[in-house]
Amino acid sequence: MRALDSSAIVINLLLRKYKSDQNGIRIALAQLSEEDIVWSPTPESNSIANLIAHISGAVRQWFETVYFDASYEDIDRSKEFERGLHMTKEQAGELFQIAYDRIIEVLEMMKANPERLLEQPYLDFPPFEGALDNQATILEMLLHQFRHLPGHVAQIVYIAKMRKGQLQWP
């Protein structure tokens, strides 16, 4: 087995997971009201709007700046967790859809060119703080996001269940 053959397995697993999460959030959001999107369990807790803004910000930082010509300077991650962040149900659905569409597009690019998984596209960016540094490879970033984003998806579903009780899943 060639080394790059395992990359197809990893990429396909990631694609299935992101597509599943994207569909699950679409179904959950459809059952919520405008008020549910901005509600938070406590004043210190995040709302669904905060979590979706955070997911969108992460995708902009890690994916769009490299693959879709988004300007890194235009990203203001500090607003993602502002108390009282407002967005409509439609805006929340669109932001989440766009974010996950971008992730899926990047994974499809990697599927076509798995050798790119070892590229380090963040070397010329301003210094990163946190779990990844500027020397991170595409594979490291994808695996980091695979750990990070599903936790926020679970938080969104949990908040939706707090608001609606039982959600209806097809």
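Before moving on, here are some points about what is shown:
- Rounded to the nearest 500, the helix-only mean residue ellipticity at 222 nm of the chain stands at -19500 deg cm²/dmol, with each DSSP H run of n ≥ 4 adding -39,500 (n - 2.57).
- Considering only 117, 162, 45, and ranking their Cα positions along the charge dipole of the chain that arises from unit charges at the beta-carbon of Lys, Arg, Asp and Glu, the one farthest toward the positive end is 162.
- The ranking of 153, 106, 10 by Cβ neighbour count inside 10 Å, starting from the fewest, reads 10, 153, 106.
- Between helix 89-112 and the chain there is an angle of about 20 degrees, using the helix long axis and the longest principal axis of the Cα atoms.
- Contact order normalised by residue count of the chain, Cα under 8 Å, 6+ apart, percent: 31
- Loop-located trypsin sites (Lys or Arg not before Pro) in the stretch 63-149 (DSSP state other than H, G, I, E, B) with a sparse environment of at most 12 neighbouring Cβ atoms within 10 Å: 83.
- Net charge of neighbours whose Cβ lies under 14 Å from the Cβ of residue 116, counting Lys and Arg as +1 and Asp and Glu as -1: -4
- A cut-off under 13 angstrom between Cβ atoms defines the neighbours of residue 51, and their net charge, with Lys, Arg +1 and Asp, Glu -1, is -4.
- Within the stretch 94-154, the GluC sites (Glu not before Pro) that combine a DSSP coil assignment with at most 16 other C-beta atoms in a 10 angstrom radius are 119, 129.
Coordinate-derived values only; no laboratory data. Please read these numbers as outputs of a predicted model, since none were measured by experiment. Glycine also receives a Cβ, built like all others from the backbone with ideal geometry; neighbour counts cover every protein chain displayed.
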